[in-house]
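The values are calculated or read from the model by the stated rules, or taken from the named source; none is laboratory data. Remember, predicted model here, so these are calculated numbers, not experimental data. Cβ coordinates were reconstructed from backbone atoms using ideal geometry, including for glycine residues, and neighbour counts include every protein chain displayed. Surface areas here come from the heavy atoms of the whole protein model, side chains and all, with no ligands, DNA or RNA. Shrake-Rupley method; radii C 1.70, N 1.55, O 1.52, S 1.80 Å.
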Amino acid sequence: MKLVLATRNVHKIEELSRMLSDLDVEILSFRDFPDLPEVVEDGGTLEDNAVKKAREISQATGLPALADDTGLEVAALGGAPGVISARYAGEACSYDDNNHKLLTELKTVPDEERGAAFRCVIALATPSGEVTTVEGRTDGVILWEARGDAGFGYDPVFLPNGHALSYAEMSQDEKNAVSHRGRALRGARELIARMM
Ligand code: IMP
């Protein structure tokens, strides 16, 4: 079976492909379909955005599609940046800009109030319009400074509960074992297997 990953984020493609590598599925992405439409992420929730991306890419390619939408929810910020995690520091911001803004917002927040969670919703859509979703969540804390060079996004500032390493200090397999995306994908694997 062919499955299209509905994302242009090469880090996500790498993580998702690695976690699906043992299934008998041919993983495709925008690299195989250079003319895929740009999906506007204007939904009010992670679920809305994941469903929209999976549905539009499945319809454009005529193949089953998998999309993920992820948000970092920081308790001391009332759940921000949440659904706007990608553009927390502005429309054309970098990962560093977002991390800098987050650490600045939290610079007087004590250890016990630095709780945060990554939430990831994965949507699987078929060309006939059927869509299913699964969610994965990992709780942790926001560090006082960035640590590690691996991964992407907020990885250097997120320490998952019960672990000594930030996401960006972990190998990809270590991150996948505990991450929000890993958890959601382990749920999605069953749905993919049923589609085969
Ligand atoms: P998206 O809308 O799902 O692409 O993700 C929104 C933003 O969340 C991204 O731009 C990243 O900054 C961040 N993000 C998503 N997944 C991860 C992750 O696994 N680690 C760290 N940051 C992430």
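Taking the accessible area of segment 1-106, probe 1.4 Å, and keeping the other protein chains in place, the carbon and sulfur fraction comes to 48%.
If R0 is 25 Å, the Cβ-Cβ spacing of Thr45 and Ser17 corresponds to a FRET efficiency of close to 0.45. Scanning the chain for GluC sites (Glu not before Pro) in DSSP loops with at most 12 neighbouring Cβ atoms within 10 Å leaves 39-90 as the longest stretch between them. Modelled spin-label separation between Ala164 and Glu113, with each label point placed 7 Å from Cα along the Cα-to-Cβ direction: 3.0 nm. Largest accessible area first, the listed residues Arg194, Arg31, Arg181 line up as Arg194, Arg31, Arg181 when surface is computed with a 1.4 Å probe on the assembled protein chains. Distant-in-sequence amide contacts of Leu5, defined by a placed amide H-H separation under 5 Å and a gap of 5 or more residues or a different chain, comprise Leu28, Ser29, Leu66. Over the chain, what is the mean sequence separation of C-alpha contacts under 8 Å (at least six apart), divided by residue count, expressed as relative contact order in percent? Relative contact order, the chain: 19 percent. Just so you know, the Rg over Rh for segment 109-148 is 1.28, from Cα atoms, with Rh as the Kirkwood radius.
The alpha carbon centroids of segment 104-153 and segment 34-73 are separated by 18 Å. Note on Glu105 and Thr126: the extension gain reaches 3.4 nm, defined as 0.36 nm multiplied by sequence separation minus the Cα-Cα distance.
Check the chain and count each lysine pair with an alpha-carbon distance under 22 angstrom, considering only pairs eight or more places apart or from different chains.
For the chain, the number of qualifying lysine pairs is 6.
Per residue, the accessible area of segment 31-155 comes to 50 Å², computed with a 1.4 Å probe over protein heavy atoms only.
Each of Cys93, Cys120 has its accessible area taken with a 1.4 Å probe; listed largest first, they run Cys93, Cys120.
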